[in-house]
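The values are calculated or read from the model by the stated rules, or taken from the named source; none is laboratory data. Just so you know, these numbers come straight off a predicted model, no measurement behind them. Cβ coordinates were reconstructed from backbone atoms using ideal geometry, including for glycine residues, and neighbour counts include every protein chain displayed.
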Amino acid sequence: MRIVAKGLTYTYNPKSPFASQALKGVDIVIEEGEFFGIIGHTGSGKSTFVQHLNALIRLTGGSLTVGDYDLADKKCKFLELRSKVGMVFQYPEYQLFAETVEKDVMFGLKNFHKEMKEEEMRTAVREALERVDLNYEEVKDKSPFELSGGQRRRVAIAGVIVTRPEILILDEPAAGLDPLGKKEIMQLLHAIHGSWCKTVIIVSHDMDEISENCTRAAVFSEGKVVMEDTPAAIFCRSDELVSLGLDIPVTAKCARLLKERGIEVQTDFTCDDFIGRVLALWKERGKADAQ
Ligand SMILES: Nc1ncnc2c1ncn2[C@@H]1O[C@H](COP(=O)(O)OP(=O)(O)OP(=O)(O)O)[C@@H](O)[C@H]1O
Ligand SMILES: [Mg+2]
């Protein structure tokens, strides 16, 4: 399902003294199959935008289509859309509430598939838990509170992917995890992207995460999209990002320092590519010096 937003606007508490315009004309296209990153300063409208994609926030200005669903159409099948566009909020583990892991994951399914038989549901829950690398037999009867933080986050993700959404959106999926936990969750999202959900969209403040993982990304600033490109093209514009108050990947920082010393590194800003190219330049220099 392709996502196309044109001139999307949104104001919280309109017609009140507390009115706050969160989106000021967002134009964006996210193709089916992408692993898409959304970055931007705090308050730039990222969460407001992604909550439009499964109609958690109803469209009030501009146009938005997700596949064949036209979200401006009052007759749009919103419940069906929600089962196809899964949303994982920031720190989703805090929203687990059922007595057991199995009941929690099943809750999402019951909401969308009232016609499903108990046995079919159990199978779907088992598959979702296994997809997030949890052992179904081991965790199904446990209280979510008996699990580690990382495991709880996986349960929360299972509760969303259990409906097999075509698009999976995650707001800061790696926030609060240690470096290994971050790496594991990103690997998991790639595995889900390759097998269950055609499109994955992550909102992230971590530029290294964006440059390492995303096929394309958009930069939000003050309720608008100011850049939409591959991470390599976006992080080439590091001066602009810095002037927007944003961080840049550690590779882009190193590239800037090298440039100040007269060394230009052409890189896509992934660690592997950056190190490979710096080593190649080093070898070339060594050869030139030896001659
Ligand atoms: N429930 C709300 N009521 C009123 N204003 C809100 C509400 N949620 C967000 N806003 C305002 O809308 C604007 C955009 O907020 P949003 O949460 O979409 O930004 P964000 O880019 O996700 O920020 P962050 O990086 O901090 O998560 C901000 O000015 C924010 O204060
Ligand atoms: Mg947010």
Please identify the pairs in which a residue from region 23-46 that is in contact (Cβ under 8 Å) with a residue 24 or more places away in the chain and more than 21 Å from Leu188 (Cβ to Cβ) has its Cβ atom under 6 Å from the Cβ atom of a residue that is among the aliphatic types (A, V, I, L, M) and within 13 Å of ligand 2 (Cβ to nearest atom), counting only partners at least 6 apart or on another chain. Gly45/Ala22; Gly45/Leu23; Lys46/Ile38; Lys46/Val203
Inspect all residues belonging to region 133-149 and state whether any of them is more than 16 Å from ligand 2 (Cβ to nearest atom), closer than 22 Å to Ser47 by Cβ and assigned to a helix (DSSP H, G or I). yes
Could you list all residues from region 49-79 that are touching a residue at least 60 places away in the same chain (Cβ under 8 Å) and within 19 Å of Gly223 (Cβ to Cβ)? Phe49, Val50, Leu53, Leu64
Got a sec? Which of Phe18, Phe49 is modelled with pLDDT of 95 or more, outside any strand (DSSP E or B) and not aliphatic (A, V, I, L, M)? Phe49
Using the structure shown, decide if Ile30 is within 16 Å of ligand 2 (Cβ to nearest atom), under 26 Å from Ile192 (Cα atoms) and β-branched (Val, Ile, Thr). no
Selected residue (only one of Leu244, Leu147, Leu188, Leu168 is in contact (Cβ under 8 Å) with a residue 40 or more places away in the chain, over 30 Å from Phe107 (Cα atoms) and either in contact with a helix residue (DSSP H, G or I) (Cβ under 8 Å, 6 or more places away or on another chain) or not assigned by TED's automatic domain parsing to the domain that holds Ile38 (or both)): Leu244
Go through the residues of region 67-81 one by one and say whether even a single one is closer than 28 Å to Thr215 by Cα, within 17 Å of the chain's Cα centre (by Cα) and either more than 16 Å from ligand 1 (Cβ to nearest atom) or loosely packed, with under 13 Cβ neighbours inside 10 Å (or both). no
Residues (within 15 Å of Gly149 (Cα to Cα) and part of a helix (DSSP H, G or I)) located in region 81-116: Pro92, Glu93, Tyr94, Gln95, Val101
Applying the selection to region 26-44, what residues are within 14 Å of ligand 1 (Cβ to nearest atom) and loosely packed, with under 15 Cβ neighbours inside 10 Å? Thr42, Gly43
Does any residue of region 146-153 turn out to be touching a Phe, Trp or Tyr at 6+ places or on another chain (Cβ under 7 Å), of a type outside the set (Lys, Arg) and within 29 Å of Leu79 (Cα to Cα)? no
Across region 193-211, what is the total count of residues that are surrounded by fewer than 18 Cβ atoms within 10 Å (Cβ to Cβ) and in a helix (DSSP H, G or I)? 2
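Would you confirm whether or not region 171-181 contains a residue that is surrounded by 18 or more Cβ atoms within 10 Å (Cβ to Cβ) and away from ligand 1 (no atom under 16 Å from the Cβ)?
no
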Filtering region 33-56 for residues that are within 11 Å of ligand 2 (Cβ to nearest atom) and small (Gly, Ala, Ser) leaves a count of 5
Within region 184-203, track down each residue that is among the hydroxyl-bearing types (Ser, Thr, Tyr) and modelled with pLDDT of 95 or more. Thr199
From (1) touching a helix residue (DSSP H, G or I) at 6+ places or on another chain (Cβ under 6 Å); (2) within 12 Å of ligand 1 (Cβ to nearest atom); (3) closer than 19 Å to His205 by Cβ; (4) not basic (Lys, Arg), pick out the condition that doesn't hold for Tyr10. (3)
What's the number of the only condition in (1) on the phi > 0 side of the Ramachandran plot; (2) loosely packed, with under 13 Cβ neighbours inside 10 Å that Glu260 fails to meet? (1)
Being touching a Leu at 6+ places or on another chain (Cβ under 6 Å) and closer than 30 Å to Gly176 by Cβ narrows Gly62, Gly86 down to just Gly86
